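Colleague: After the structure tokens below, expect a handful of questions from me.
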Amino acid sequence: MSDGDDIAIRTSGLTKQYGPETGVFDLDLCIRRGEVYGFLGPNGAGKSTVMRMLVGLVRPTSGTATVLGHRAGTRSSLRGVGALIEAPALYPHLSGRDNLRILAGYASVPAARIAEVLEEVGMAAKADVAFRAYSLGMKQRLAVAAALLKDPALLILDEPTNGLDPEGMAGMRDLITGLRRDNRTVLLSSHLLAEVEHVCDRVSVIRRGRLIADGTVAELRRGADEGGLSVTVDSPERAAELVRRLPAVRSVAVVDGELRVVVDPREAAAVNRLLVVNGLEVSELRKHVLSLEDVFFDLVEDRQPTGPEPMEVVNR
């Protein structure tokens, strides 16, 4: 398999302008076949715009994008793509099964495929209920079933867990994890960073249309500030004042009543000794492991683009 055959999505300099406003700027992405790829960013960062360009709903101002080896938005590229972008648009008065029958007819998909995708997304038992009677989670599942009808090599999912309760989110997470089979690629946009951390092989972060980081979660953690230590102490504000005096400490903060100290974890004994000698009661001291959420907020809050130049990308 050549390098080109191994790439599901590639963009180069992809840019979209709306008059004087830039929605996406000089975006370079490379998503491999068979991986679940998380696409993260604040509201208005440009995630949906990028996904719309990949399926031909929006035309780029400049730059290029290829999907499954073909120019994005062409019939050749769309043949292997299933997509759920923003809210599912299905007929409310028809059952889930009848909605899929209509879509299967337009896509020239065999009718037998309908039962397969209903089973795959866990909607077989509710297939004959009207779409308008579905819960939000059921509507999202049926929309994913619609995206799977063509048995696509690439699935593009824009906020598939939006508005779901915890049970619905867990079900969608299991569904996305199962989509890896048969070398299927998933491009997933989500605000639920804990879910993304569990299901994605790699992630990228964009802000104001610019790519500011991409790589595995572990690589992004290494590119952010070190996790340091988390300390549970009886007087965290007083503890923060004391710990700031240690020369090895780079930063100190009180987060949710807990002391967060950015320092080499090997300095844990010195931190503990300082607090105890000064009469504070330390009930827990542990190494703080950065979550994807920690890394995300570090990136989008501290690396805001201020000029026309593209931002430095972490771990490209």
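The values are calculated or read from the model by the stated rules, or taken from the named source; none is laboratory data. Every value quoted in this text rests on a predicted model; they were computed, and no experiment measured them. A quick note on method: Cβ atoms are made from the backbone with ideal geometry, for glycine too, and the neighbour counts reach across all protein chains shown.
Colleague: Run down Val109, Val55 and say which single residue is more than 30 Å from Asp294 (Cα to Cα) and not assigned by TED's automatic domain parsing to the domain that holds Leu192. Show your work before the answer.
Modeller: Details: Val55 fails: not assigned by TED's automatic domain parsing to the domain that holds Leu192.
Only one candidate qualifies: Val109.
Colleague: In the range 37-49, is there at least one residue being among the charged types (D, E, K, R) and surrounded by 14 or more Cβ atoms within 10 Å (Cβ to Cβ)?
Modeller: Yes; the residues of the range 37-49 include at least one that is among the charged types (D, E, K, R) and surrounded by 14 or more Cβ atoms within 10 Å (Cβ to Cβ).
Colleague: Now for a different question. Looking at the range 61-70, can you tell me whether even one residue there is among the polar types (S, T, N, Q), in contact (Cβ under 8 Å) with a residue 12 or more places away in the chain and within 29 Å of Ala104 (Cβ to Cβ)?
Modeller: Taking the range 61-70 and keeping what is among the polar types (S, T, N, Q), we get 61-62, 64, 66.
Retained after the next criterion (residues that are in contact (Cβ under 8 Å) with a residue 12 or more places away in the chain): 61-62, 64, 66.
If we keep only those that are within 29 Å of Ala104 (Cβ to Cβ) too, we end up with 66.
Yes, the range 61-70 contains at least one residue that is among the polar types (S, T, N, Q), in contact (Cβ under 8 Å) with a residue 12 or more places away in the chain and within 29 Å of Ala104 (Cβ to Cβ).
Colleague: Which count do you get for residues in the range 261-280 that are surrounded by fewer than 11 Cβ atoms within 10 Å (Cβ to Cβ) and either under 38 Å from the mean Cα position of the chain (by Cα) or in contact (Cβ under 8 Å) with a residue 12 or more places away in the chain (or both)?
Modeller: 2
Colleague: Looking at the range 1-42 only, could you name the residues that are outside any strand (DSSP E or B) and either among the charged types (D, E, K, R) or in contact (Cβ under 8 Å) with a residue 12 or more places away in the chain (or both)? Spell out the reasoning first.
Modeller: The initial filter retains those residues of the range 1-42 that are outside any strand (DSSP E or B), namely 1-6, 19-20, 33-35, 41-42.
Matches in the range 1-42: Asp3, Gly4, Asp5, Asp6, Arg33, Gly34, Glu35, Gly41, Pro42.
Colleague: Just checking, how many residues over the range 98-133 are part of a helix (DSSP H, G or I), under 12 Å from Lys150 (Cα atoms) and either in contact with a strand residue (DSSP E or B) (Cβ under 6 Å, 6 or more places away or on another chain) or in contact (Cβ under 8 Å) with a residue 24 or more places away in the chain (or both)?
Modeller: Of the residues in the range 98-133, 7 are part of a helix (DSSP H, G or I), under 12 Å from Lys150 (Cα atoms) and either in contact with a strand residue (DSSP E or B) (Cβ under 6 Å, 6 or more places away or on another chain) or in contact (Cβ under 8 Å) with a residue 24 or more places away in the chain (or both).
Colleague: May I ask you to verify whether Gly163 is crowded, with 17+ Cβ neighbours inside 10 Å, at pLDDT below 85 and over 26 Å from Gly69 (Cβ atoms)?
Modeller: no
Colleague: Go through Arg141, Arg97 for me and flag whichever is under 18 Å from Glu86 (Cβ atoms) and either modelled with pLDDT of 95 or more or within 25 Å of the chain's Cα centre (by Cα) (or both).
Modeller: Just one listed residue meets the conditions, Arg141.
Colleague: Out of all the residues in the range 140-155, is one or more charged (D, E, K, R) and in a loop (DSSP other than H, G, I, E, B)? Even if it seems obvious, please write down each step before you answer.
Modeller: Quick first cut of the range 140-155, residues charged (D, E, K, R) only: 141, 150-151.
Going one step further and asking which of them are in a loop (DSSP other than H, G, I, E, B), we end up with 150-151.
Yes, some residue in the range 140-155 is charged (D, E, K, R) and in a loop (DSSP other than H, G, I, E, B).
Colleague: Tell me the helices (runs of 4 or more DSSP H) entirely within the range 186-278 that contain at least 1 residues that are touching a Gly at 6+ places or on another chain (Cβ under 7 Å).
Modeller: 193-199, 236-243
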